[in-house]
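Okay, structure first, notes after.
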Amino acid sequence: SPAGMVLSVLVILLLSVLYEAVKMGKAVLLQRALLALPRSLSQEALSEPPEEDSRDSSPAQSRWFWFHVAQTLFHVLQVVLGYMVMLAVMSYNGWIFLGAIAGSTLGYFL
């Protein structure tokens, strides 16, 4: 029905806007994580999660770890949204395709 098609296009538009927002949020988290990264830690120390009662765990290492966890969650959300929009576009419906393009454009602009 026409109402169903309009609703579908709006949902895809909003998913595309959300995809762009998550992509930007991930970039902001990366910048903050790089600023929180201690300069003197080795790669082995960064790969280990901080322990609660560890006395040699620095606050900078703990902050970096939690930034990395948040980035991972943002990445998973970005991949899921991207595949959802891709599957909608693969329906080969012109209106859905235009909704995805318009949402991506609007999301990037915002």
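The values are calculated or read from the model by the stated rules, or taken from the named source; none is laboratory data. If you're wondering where the values come from, they're calculated on a predicted model, not measured in any experiment. Glycine also receives a Cβ, built like all others from the backbone with ideal geometry; neighbour counts cover every protein chain displayed. Heavy atoms of the whole protein, side chains included, go into the accessibility calculation; ligands, DNA and RNA do not. Shrake-Rupley method; radii C 1.70, N 1.55, O 1.52, S 1.80 Å.
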Can you tell me which residue in the stretch 65-110 is surrounded by the fewest Cβ atoms within 10 Å (Cβ to Cβ), limited to those that are of a type in the set (Ser, Thr, Tyr) and without any contact (Cβ under 8 Å) to a residue 60 or more places away in the chain?
Tyr92
With the checklist (1) at pLDDT 75 or above; (2) over 17 Å from the mean Cα position of the chain (by Cα) in hand, flag the one item Phe67 doesn't pass.
(2)
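Here is a yes/no grid of residues against (1) among the charged types (D, E, K, R); (2) at pLDDT below 95; (3) within 30 Å of Val85 (Cα to Cα); (4) open to solvent by less than 80 Å² (accessible area, probe 1.4 Å):
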{"residue": "Ser1", "(1), (2), (3), (4)": "no, yes, yes, no"}
{"residue": "Val9", "(1), (2), (3), (4)": "no, no, yes, yes"}
{"residue": "Leu14", "(1), (2), (3), (4)": "no, no, yes, no"}
{"residue": "Val17", "(1), (2), (3), (4)": "no, no, yes, yes"}
{"residue": "Leu30", "(1), (2), (3), (4)": "no, yes, yes, no"}
{"residue": "Ser40", "(1), (2), (3), (4)": "no, yes, no, no"}
{"residue": "Pro50", "(1), (2), (3), (4)": "no, yes, no, yes"}
{"residue": "Ser54", "(1), (2), (3), (4)": "no, yes, no, yes"}
Determine whether Ala21 is of a type in the set (Gly, Ala, Ser), under 24 Å from the mean Cα position of the chain (by Cα) and at pLDDT 75 or above.
yes
